[in-house]
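Report on the following structure.
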Amino acid sequence: MTDKAEASAFDRAERPGSPGLVLALAVAVFAVLGVYFLAPTAMAPRIVMSALALFGVAGVFSLFAYAVGLIQFSSRLSRNDVTKLIADTATEGLLVARGDQIVYANEAYMALCGARDPSSLQLVERLFSGPPEVSEAIYRLAQAARAGRAHVEDLRLSPPLTGVGAVGWYRIKVVPLPQAGERATLWGVADVTSERQRQEGIFQELQHAIDFLDHAPSGFFSATPGGEISYMNKTLAGWLGYDLAQVGSGGATLTSIVANNGAALLAAVSGSPGEVKTEQIDLDLRCRNGRSLPVRLLHQVAFGQDGAAGASRTLVLNRASGEKPEEGLRAAEVRFARFFNSTPMAIATLDAQGRLIDSNAAFAKLLPKAAQGKEGWSLLVGLAERDAEMLRKAIEEAIEGKSDVKPVNVSFEDKAGPRSVRFFASPAEESGQKGATIYALDTTEQRKLQEEFAQSQKMNAVGQLAGGIAHDFNNMLTAIIGYSDLLLSSHRPTDPAFRDIRQIKETANRAAGLTRQLLAFSRRQTLRPQVLQLGDALSELQNLLRRVVGEKNELDLRQGRDLWFVKADLTQFEQVVINLVVNARDAMPETGGRVQIRSRNVTKDECAGFNEPHLVPADYVLVEVEDNGSGIPPDVIEKIFEPFFTTKEVGKGTGLGLSTVFGIVKQSGGFIFAQSEVGKGTVFLIFLPRYIPDAKEAPKPEAESPKAAADYTGQGVILLVEDEDAVRSIGARSLKSRGFTVLEASTGLEALEVVEEVGGKVDLIVSDVVMPEMDGPAMFAELRKRGVTAKVIFVSGYAEEAFAKNLPEGDFGFLPKPFSIKQLIETVKSHMAAQG
């Protein structure tokens, strides 16, 4: 250990001597010894004495030359010397310790310790002691040193080490020094009292400024570019009824504090890159209690170098405060400005060059690009060429002074989607210069309603046409299927014609399936609703669905718990799901994909979350069919439920699948919606209304029992009324062959005559619904008036519900066309048995 002057640096490491001087002395000594041993014995003492004398003279000269600087052994400092010099003279106290042993301390650290010599040096852990917060900070630093980690702590010491002042602030850091040996650590201690005092002074000045701003007689707020209020002073918060704790955390936005469309007017302020723009705006703010507060805003916006609007600062002058508002013309201007910016109609004034002079808040919200534009005819930006030309012509006519300018309807796209606006233009004059005033009405919702009404009218017309076609086809198909049954019954399976006849019947059945799809679309098919638990229905259907999707595609069924009951036709519901899964399969890539079917309950309150305006709020059971296929483009998804619309190749689709689904769901009292994104997939949402069954309607498991062989023979008098000769003929032949007595009639009037002829002795009446002269329901009512109590079975290509409401009260059955002979016989026998 070396003892130096007061407060000088301490270094335990040893310093090597001058290597040049040591080498010279060693050479001289070895030279003398060599001469002594090698020279003759008589001459050796004399030579040695001479050499010593010579070395003595040379040594004295060298010492003198070294003293005056003529000879220097080395004038270059090593890198370690430079580093040590920097450390020695640093203003920050530096200490190097290896465990509990001090290896190095610079002058600044010795001064902090008040050490005059190395023996009075202290480690940092012993130098700093005090209240728990100081001890805890030192403990964390010591732990970091032992773990070989760097760490920094700021601590407050009272009184300070220097003894000057009441409080001292110190920044202590610890850094491991692995290159200096095991457990070697560099400690740095800096007095940052002046820095902290300066920061506290700045903070206090800032706090005074905030306190002054909070209690200023005017309101003030700042907002982010996204419209969130980042700061609001206490005065403005008091005016609006806001809790300052909510401001800055998403509790207040421009749209929430500015009434009507004023927020759009603030967002419409435009400026050049790097400009700070300030505008004066009169409008109303919205208080928390719903009242309006008339104010004048001095709204300042800073624009970045890219021209994008940055944060804004706004001074708010309360026009309804204790100060008397300006009287006369100025007060009238303020009232008009409030009215102008509060009206829901978009208004703007243009000069003769089409430049925007002024606009209100509604205009800024409806047409933000036009409100921010400074160039001529900015109003036309974003419009289609035809619409822009028509609007420009209307505005030019108004500038020329014409008062009967026709309104112009235009369409354009914005962030919210397609928009429709109707513009009105009228002449205006500003400071003697011609111009025009533009009034704009947002007609987007009105246009949507018109399009939806036109679409519903179109679908209704197509539905009526489809239903009529299906009815006529069903009559023909009934005859084809009936005669096929007769031919099959008279041919053996080994006959050559048997296979051909069966092919005819199967083709007719496929055609009957198409007519059922048409009737489903027109909502005129007969449904047999029953209380269903959709979870059970989907579980029973999943094996069939797995075969439908194919081996390359995956089917995932996810059922909700405790699904509510619904009332629907099970067969038709299964048809809906199968059609949607088939479409999903066809949309899959060749490599395969996934179809997911989900079910869950949806409460009335959850309906709004689906963002479907046509969904009536109620309790539903939701079934979703989702795929990850190619998706449906926006221009196609609007037409997918139309009949005969298909995007598949010719011969691969009839265009009736989704229209059938739509008709079945609607006829069941539900809703269906499609959501799709091109390249990601499609999801269909089916909402079926919740049904609460009574004890009798609740579904029960049916016990299976062996079926006895069917008996298709019978007895009784049956009146068959049908205007289609082929259908009546096949029906009569079939019933007669089973033992029934059949009376025939081609119209309702003829049927009344037949009944009168037999004195009303008829056991059952099978009648068509739509017939010339007198239809089936009218005939039914007349028979009841005449006291004929025989049961009636109506057959029709239309749905039962299509005519049931026109029937008087009574017991009747229904058999939809087309039907087979077997179905006809079974229906007749069941009603005959019930009547007996």
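Between Glu389 and Leu298, the C-beta separation translates, for a Förster distance of 35 Å, into a calculated FRET efficiency of about 0.30. Remark: the stretch 781-792, residue by residue, has Karplus-estimated 3J(HN,Hα) of 5, 5, 4, 5, 5, 7, x, 7, 9, 4, 5, 10 Hz, where x stands for each Gly or Pro and the curve is 6.51 cos²θ - 1.76 cosθ + 1.60 at θ = phi - 60°. Zone of Ser256 (label point 7 Å along Cα→Cβ, backbone N under 15 Å): which residues in the stretch 284-308? Within reach of a label on Ser256, which here means backbone N under 15 Å from a point 7 Å along Cα→Cβ, the stretch 284-308 contributes 286-290. The gain in end-to-end length when the Asp404 to Glu756 segment is fully stretched comes to 119.3 nm, 0.36 nm per residue minus the alpha carbon separation. Over the stretch 582-632, the reciprocal of the mean inverse Cα-Cα separation, the Kirkwood hydrodynamic radius, stands at 12.8 Å. Shown are Arg492, Arg419, whose ranking by accessible area with a 1.4 Å probe and every protein chain present, most to least, is Arg492, Arg419.
Segment Val381..Asp472, full-extension length gain: 27.2 nm, with 0.36 nm per residue of separation and the alpha-carbon distance subtracted.
Once the chain from Glu590 to Glu606 is taken as fully extended at 0.36 nm per residue, the excess over their C-alpha distance is 2.0 nm.
Under the simplified labelling scheme, the Met345-Gln122 pair shows an inter-label distance of 8.5 nm, with each label point 7 Å from Cα along Cα→Cβ. Using equal-weight Cα scatterers in the Debye expression, the normalised intensity of the stretch 173-307 in log10 at q = 0.09 Å⁻¹ is -0.45. Note on His831: accessible area approximately 40 square angstrom, rounded to 10, probe 1.4 Å, nucleic acids and ligands left out.
Couplings for the stretch 664-679, taken from phi via the Karplus curve 6.51 cos²θ - 1.76 cosθ + 1.60 with θ = phi - 60°, read 5, 5, 5, 5, 8, x, x, 9, 9, 9, 10, 10, 8, 9, 4, x Hz in order; Gly and Pro are left as x. Tell me, what is a quarter of the convex hull surface for the C-alpha atoms of the stretch 104-147, in nm² with one decimal? One quarter of the hull surface, i.e. the mean projection, equals 3.5 nm².
The modelled label-to-label distance for the pair Glu451/Arg140, using points 7 Å beyond Cα in the direction of Cβ, is 6.2 nm.
On the basis of the beta-carbon distance and an R0 of 56 Å, Asp536 and Glu429 show a calculated FRET efficiency of 0.15.
For Val96, the residues whose amide H sits under 5 Å from its own are Val103, Tyr104, Ala105, Trp187, ignoring neighbours fewer than 5 places away on the same chain, with H placed 1.01 Å from N. Rounded to the nearest Hz, the phi-derived 3J(HN,Hα) couplings of the stretch 607-622 under the Karplus curve 6.51 cos²θ - 1.76 cosθ + 1.60 (θ = phi - 60°) are 5, 4, x, 8, 6, 10, x, 8, 7, 6, x, 5, 8, 9, 9, 9, where x marks glycine and proline. Using the Cβ of Gln204 as centre and a radius below 12 Å, the other residues enclosed give a net charge of -2, where K and R count +1 and D and E count -1. Would you mind classifying the stretch 352-454 by shape? Square roots of the alpha carbon gyration tensor eigenvalues, ordered a ≥ b ≥ c; an a/c under 1.5 is rounded, otherwise it is prolate if a/b is larger than b/c and oblate if not. Verdict is prolate for the stretch 352-454. Here's how it looks for Asp358: its modeled amide H is under 5 Å from those of Thr349, which are all 5 or more places away or on a different chain. Annotation: amide H-H contacts under 5 Å for Ser230 (H modelled 1.01 Å from N, sequence separation of 5 or more, or interchain): Ser222, Ala223, Thr224.
The values are calculated or read from the model by the stated rules, or taken from the named source; none is laboratory data. Just so you know, these numbers come straight off a predicted model, no measurement behind them. With ideal geometry, Cβ positions are generated from the backbone for all residues, glycine too; neighbour counts draw on all protein chains shown. Accessible surface is based on the protein model in full, side chains and every heavy atom, while ligands, DNA and RNA are left aside. Shrake-Rupley method; radii C 1.70, N 1.55, O 1.52, S 1.80 Å.
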